[in-house]
Structures are given as C-alpha cells and as structure tokens.
Amino acid sequence: MDTVPPLERMPDMEDTSIGIHDDEFSTHNPEAVYRLMAIIAEIKTAMLTTIDKDGTLRSRPMLTQDYQQDGTLWFFSSDHYGKADELAADPRVNVTYSLPEKNRFISISGLAEIVHDEVKKRELWKPSFSEWFPEGSDDTHLALLKVYIQKAEYWDVPSNRLIEILSFTKAVLTGGTYHTAEPHQKILFENGPV
C-alpha cells in the first residue's frame, strides 16, 4: 500500500499555485470573531484532524472545554496516545464544527500542542469527565490540548438576517459604520505558540 509522502515544506500563503491568498481573510472583524465563538459555544463537539506519521489525516471527536476571543481553543486529552505523538511531530491541525440542521459549519486551521497546566485543568474539570479519565483531574496523563487558531471560516446562513438587523441597529444607535453581515466569513488570527 502506498503512503502519502509528508509535506517537504509549508506552503507559502502568497504562493498563487495553491489558490489561497492572505487578503481573502479579514483580521479586523470583531463581529465575525464574536459570531465564530458563539457558534462554537452552541455546537461544542468538534472533529480534530491531525497528521499521522505516514502523512495521512486522522480525525476524532473532541469536546471543546474553552474558547477565547484571541483565537485559542482548549480540549482535554491524554498525553500518551496517538494525537500527542502526532502533534509532537507536526502541530498543524484542522478543527471542524457542524450543525447541519441550522446550516452552521466551521473549519479552523491552526497549530496545537499538549499542555500541562494544572490551574487550567482544575478550572475546566467537571466530574462527568471521570468516564474518560477515571483518576479525575489528578490523572498524571490528563493534559490539555491547546489549539492556536490561525485561520477560521464559518458558514451561518440562518442567523444572517438577525445579524444584519443587530449590526444595522448598532450602527444607528452608536453612529458607527454599518457592515453587512455575510453568511460566510474568513478570519485570520495572529496567533501561535509562544
């Protein structure tokens, strides 16, 4: 069986041969970031895709524990299973959320790492997680998977009219500029591991 060769280099985002340009993504749209986080809060369960050692893509469901406006997502994970090894070799991930009955979809590209932050673990821990981590938040292999969003796209058709009304009302009340809400937004985050 043939395997997919690993990428020899990261594609240059200005490389026109791959069909993506940075200018397609907005970095100055707080309403879009707010809506992205609201959709994540509503859906909660994501599919996290990593790159396996043979170059194939591997996805698994993950429950979102926390999300932040700066473009950071938090998940609980084990530090000694496949995804931890995959992230150590290649931190690039894709995180997707889907709520088809409301026509809401998200695709996130970013970098991820396994983090041992005891304070954050205790902050996010819920007793119901003992089903997956029987030793509780003191489990030595319990870790956090932190995703730094680099690019995010969402599709949100049904909320478009409500967002239009709210955006227009806000502009009228504050004297600000009215921005048309689009059901499809592309957001560029300036985010990554320190």
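The values are calculated or read from the model by the stated rules, or taken from the named source; none is laboratory data. Predicted model only: the values in this text are computed from it and were never measured. Quick reminder, even Gly has a Cβ in these numbers, built from the backbone with ideal geometry, and neighbours come from all protein chains shown. Ligands, DNA and RNA are excluded from the accessible area calculation, which covers all protein heavy atoms including side chains. Shrake-Rupley method; radii C 1.70, N 1.55, O 1.52, S 1.80 Å.
Remarks
- Checklist (1) at pLDDT 80 or above; (2) over 26 Å from E86 (Cβ atoms) applied to R58, failing item: (2)
- Looking only at residues in the stretch 158-189 that are closer than 15 Å to P30 by Cβ, in a loop (DSSP other than H, G, I, E, B) and more than 25 Å from the chain's Cα centre (by Cα), the one that is modelled with the highest pLDDT is G176.
- A search for C-beta distances below 6 Å between a residue of the stretch 103-123 that is touching a residue at least 60 places away in the same chain (Cβ under 8 Å) and crowded, with 18+ Cβ neighbours inside 10 Å and any residue that is outside any helix (DSSP H, G or I) and of a type in the set (S, T, Y), counting only pairs 6+ apart in sequence or on different chains, returns I106/Y97; I106/Y154; G110/Y148.
- Of all residues in the stretch 159-169, none are touching a residue at least 24 places away in the same chain (Cβ under 8 Å), of a type in the set (A, V, I, L, M, F, W, C) and surrounded by fewer than 17 Cβ atoms within 10 Å (Cβ to Cβ).
- For the stretch 42-84, the set of residues classified as among the aliphatic types (A, V, I, L, M) and open to solvent by less than 60 Å² (accessible area, probe 1.4 Å) consists of I43, A46, L48, I51, M62, L73, A84, listed by residue number.
- Hits in the stretch 103-118 (condition: under 26 Å from A38 (Cβ atoms) and either of a type in the set (K, R) or outside any loop (DSSP other than H, G, I, E, B) (or both)): R104, F105, I106, S107, I108, S109, G110, L111, A112, E113, V115
- Residue match in the stretch 147-155 (condition: among the aromatic types (F, W, Y), over 20 Å from Q68 (Cβ atoms), surrounded by fewer than 19 Cβ atoms within 10 Å (Cβ to Cβ) and at pLDDT 85 or above): yes
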